[in-house]
Amino acid sequence: MVMGALSLDEIRKVRRADGPTSISAIGSANPPNQVIQAEYPDYYFRITNSEHMNDLKEKFKCVCDKSMIKKRYMHLTEEFLKDNPNIFTFMAPSLDVRQDILVTEVRKLGKEAAVKAIEEWGQPKSKIETIVFCITSGVDMPDDDYQLIGEKKCNFGF
């Protein structure tokens with residue numbers, strides 16, 4: 001052992017809190033476009049030009065009713081979908097369009113949520129020790145949490 005070096009136990013103690021771990025603040029953000037769940041079947045079948053599929057629409061209504069979801073938030077607006085018909089065209093390439101949306105919009109939402117959490121916490125950013133970042137869709141490398149923390153525009157100072 002080198003003189004002055006910390007032992008593994010000493011390192012672990014330095015990194016651990018004396019008391020219980022706690023969550024200091026939570027920030028969340030959603031896309032601006034929202035659809036009420038009860039209206040979602042009509043919305044979905046209208047934007048996919050599938051209103052003639054009445055039996056399927058009724059089944060979809062049952063699924064939506066039983067889902068316990070109240071609102072759906074999405075980046076896709078009807079105007080955007082009209083400008084990008086491949087998103088709802090069977091077997092048409094649409095993954096690149098969806099991924100491009102996620103890459104830019106998830107980071108914006110992540111920043112918005114982080115700013116809310118930091119404001120709620122009320123401490124300087126330099127005191128942040130851990131960030132938990134969660135999304136429900138999208139794949140980007142490096143991950144969005146890394147991109148958010150490293151993004152100079154966020155000015156988080158990490």
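The values are calculated or read from the model by the stated rules, or taken from the named source; none is laboratory data. Since we're looking at a predicted model, the values are computed, not measured. When we count neighbours, we look across all protein chains shown, and the Cβ atoms used for this are built from the backbone with ideal geometry, even at glycine. Ligands, DNA and RNA are stripped out before the accessible areas are found, and what is left, the full protein with its side chains, is counted by its heavy atoms. Shrake-Rupley method; radii C 1.70, N 1.55, O 1.52, S 1.80 Å.
Which of the residues belonging to segment 45-57 are more than 20 Å from N86 (Cα to Cα) and open to solvent by less than 100 Å² (accessible area, probe 1.4 Å)? Spell out how you get there, then give the answer.
Residues of segment 45-57 that are more than 20 Å from N86 (Cα to Cα), as a first pass: 54-57.
Once the filter is applied, which keeps residues that are more than 20 Å from N86 (Cα to Cα) and open to solvent by less than 100 Å² (accessible area, probe 1.4 Å), segment 45-57 yields N54, L56, K57.
How do the helices (runs of 4 or more DSSP H) wholly within segment 51-156 filter down when requiring 2 or more residues that are at pLDDT 85 or above: which remain? It would help to see each step written out before you state the result.
On the way: elements: 54-66, 78-83, 95-121, 144-150.
Result: 54-66, 78-83, 95-121.
Is it fair to say V115 is touching a residue at least 24 places away in the same chain (Cβ under 8 Å), in contact with a helix residue (DSSP H, G or I) (Cβ under 6 Å, 6 or more places away or on another chain) and within 30 Å of S22 (Cα to Cα)?
On the way: touching a residue at least 24 places away in the same chain (Cβ under 8 Å): yes; in contact with a helix residue (DSSP H, G or I) (Cβ under 6 Å, 6 or more places away or on another chain): no; within 30 Å of S22 (Cα to Cα): yes.
The answer is no for V115.
Name every residue in segment 9-36 that is at pLDDT below 90 and outside any loop (DSSP other than H, G, I, E, B), in order of residue number.
D9, E10, I11, R12, K13, V14, R15, listed by residue number.
Could you please tell me which pairs satisfy a Cβ distance under 9 Å, a separation of 6+ or placement on different chains, a first residue in segment 90-108 that is over 23 Å from N49 (Cα atoms), and a second residue that is open to solvent by less than 40 Å² (accessible area, probe 1.4 Å) and modelled with pLDDT of 80 or more?
Sorted first by the residue in segment 90-108, then by its partner, the pairs are E105/P31; K108/A29.
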